[in-house]
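Here is the structure we will look at.
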Amino acid sequence: MGCHILDPVFKSIGLTAPISVRSEGSAPNQWNWPLDSEVRYVFPGTAYTAEKTLPVTWYDGAQKPPQAIRALLEGDDLPGTGSILVGTQGVLVVPHVARPCFTGQEVQRPQVP
C-alpha cells in the first residue's frame, strides 16, 4: 500500500533516495510485516523544498500523526488512509482514492519527536 500512498509525495516534489531511514514498532513475524509501525525518512531537499533535507514519516496500523500535525487540519479531519503534506504555504491532505484538500494558510512546521 505504501507505494501507492507515497507516490504523490515523490512525484510532486521530485524526491530521490533517502539519506536515512528509521523504523520503530513491533518486529515482523515469519509471515508478515508488523501491524503497527512508524517509519521516519530523511530525504535530500529538492528545488521544491524550503530546507536542505526533508523529513517524511510513514504511520501504519494504529500509529497516527501526532497532535501537532493533526491540529493543522481543518476540523482535525484525518483521512483513514492517505498523506498529509505540510508546506510553508499550507497543508495538503491527499486521502487515498479521494479528492485532495488544500488549506492555504501560512504554516510553521511543528516540531515533532
Inset, instruction - Report the residue, chosen from GLY45, GLY61, GLY82, that carries the largest GNM mean-square fluctuation when the chain is represented by alpha-carbon nodes joined by springs under 10 Å. - result: GLY61
Legend entry - Given charges at Cβ of Lys, Arg, Asp, Glu: the range 28-103 dipole, positive-most of PRO66, ALA50, SER37: ALA50
Legend entry - SER23 - accessible surface, heavy atoms, 1.4 Å probe, Å² rounded to 10: 80
Legend entry - Spin-label model distance (nm) - THR49 vs PHE102, 7 Å beyond Cα toward Cβ: 2.1
Inset, instruction - Mind listing the long-range amide H neighbours of LEU54? Cut-off is under 5 Å, sequence gap 5 or more, other chains count too, H placed in the peptide plane at 1.01 Å from N. - result: PHE43, GLY45
Inset, instruction - Please give the FRET efficiency for LYS64 paired with GLN30, using the beta carbon to beta carbon distance and R0 = 30 Å, rounded to the nearest 0.05. - result: 0.65
Legend entry - Candidate values (1) 149; (2) 162; (3) 119, label of the one derived for volume of the Cα convex hull per residue in Å³: (3)
Inset, instruction - Give me the accessible area of ARG22, 1.4 Å probe, in Å² rounded to the nearest 10. - result: 140
Inset, instruction - Run the numbers on the chain and let me know its relative contact order in percent, using alpha-carbon pairs under 8 Å that are six or more apart. - result: 17
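The values are calculated or read from the model by the stated rules, or taken from the named source; none is laboratory data. Since this is a predicted model, take the numbers as computed values, not measurements. Note that we place each Cβ from the backbone using ideal geometry, even for glycine, and neighbour counts take in every protein chain shown. We work out accessible area using only protein heavy atoms, side chains counted, and drop any ligands, DNA or RNA first. Shrake-Rupley method; radii C 1.70, N 1.55, O 1.52, S 1.80 Å.
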